[in-house]
1. With the structure loaded, tell me whether Ile50 is touching a His at 6+ places or on another chain (Cβ under 9 Å), in contact (Cβ under 8 Å) with a residue 12 or more places away in the chain and surrounded by 14 or more Cβ atoms within 10 Å (Cβ to Cβ) or whether it fails that test.
2. So, in region 106-123, exactly how many residues are within 11 Å of Gln150 (Cα to Cα) and either touching a helix residue (DSSP H, G or I) at 6+ places or on another chain (Cβ under 7 Å) or in a strand (DSSP E or B) (or both)?
3. Being charged (D, E, K, R), touching a Pro at 6+ places or on another chain (Cβ under 6 Å) and surrounded by fewer than 17 Cβ atoms within 10 Å (Cβ to Cβ) is true for just one of Glu120, Glu98, Glu156. Which residue is that?
4. List every residue pair whose Cβ atoms sit under 7 Å apart, with the two residues 6 or more apart in sequence or on different chains, where the first one lies in region 1-26 and is in contact (Cβ under 8 Å) with a residue 60 or more places away in the chain and the second, anywhere, is among the basic types (Lys, Arg).
5. Tell me, please, whether a residue that is over 30 Å from Asn30 (Cα atoms), in contact with a Lys or Arg (Cβ under 7 Å, 6 or more places away or on another chain) and not in a helix (DSSP H, G or I) can be found in region 62-82.
6. Say whether the condition of being touching a helix residue (DSSP H, G or I) at 6+ places or on another chain (Cβ under 6 Å) and under 28 Å from Ile163 (Cα atoms) is met by at least one residue in region 124-145.
7. Go through (1) under 30 Å from Gln145 (Cβ atoms); (2) in contact with a His (Cβ under 7 Å, 6 or more places away or on another chain); (3) of a type in the set (A, V, I, L, M, F, W, C) for Val32 and report which single condition fails.
8. Exactly one condition in (1) surrounded by 14 or more Cβ atoms within 10 Å (Cβ to Cβ); (2) modelled with pLDDT of 90 or more is false for Ala90; which is it?
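The values are calculated or read from the model by the stated rules, or taken from the named source; none is laboratory data. None of these values were measured; they are calculated from a predicted model. For neighbour counting, all protein chains shown are included, and Cβ atoms are generated from backbone atoms with ideal geometry for every residue, glycine included.
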Amino acid sequence: MKKITIHKSTIELESVDGAFVINGQRHEPNLVKNPDGSLHMLLGQHSFTIDIVSSDPKTKQVSLLIDGRPLEVNMKDELDLALEKIGFDASHLNKENEIKAPMPGTILGLMVKEGDEVKEGDTLLILEAMKMENVIKSPTDGTVQSLLVQKGDAVEKGKILLIF
């Protein structure tokens, strides 16, 4: 089951045997992919053209155009709902706010400084371990808040190197 929030309304959605169960009510839409990539959906007596403008798997937000009208949709899957039930917010699980040393070694170089904006995949620092240079890259977009090491520092596995 998924929970989908549109504006301030939430619906429960399940896929069962090719049909959708929306808030406990079974619907059997007819979906056709158009040559331009949009979807055409016939649901009961209603016809819709759906364009997926963007989708962000990290935030689970989808931007749609339905018959040319914009619509923002937030989705929660089974994992999100289970974690929410026990008091956790799954949206924070994918957010890295600190970089830890993956192994013991020596800091050979720092490619960023405090206050730098970084993008996912940017090189943050070089860690030498067992005579090999290991490039440590950013797992996310963010701003470097604190650098906790300097060039030449020896670090143990798990030591926090920088904080976003």
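1. Considered against the rule, which asks whether it is touching a His at 6+ places or on another chain (Cβ under 9 Å), in contact (Cβ under 8 Å) with a residue 12 or more places away in the chain and surrounded by 14 or more Cβ atoms within 10 Å (Cβ to Cβ), Ile50 comes out as yes.
2. 5
3. Every option except Glu156 fails the conditions.
4. Lys2/Lys76; Lys3/Lys76
5. For region 62-82, residues over 30 Å from Asn30 (Cα atoms), in contact with a Lys or Arg (Cβ under 7 Å, 6 or more places away or on another chain) and not in a helix (DSSP H, G or I): absent.
6. No, every residue in region 124-145 fails to be touching a helix residue (DSSP H, G or I) at 6+ places or on another chain (Cβ under 6 Å) and under 28 Å from Ile163 (Cα atoms).
7. For Val32, the failing item is (1).
8. (2)
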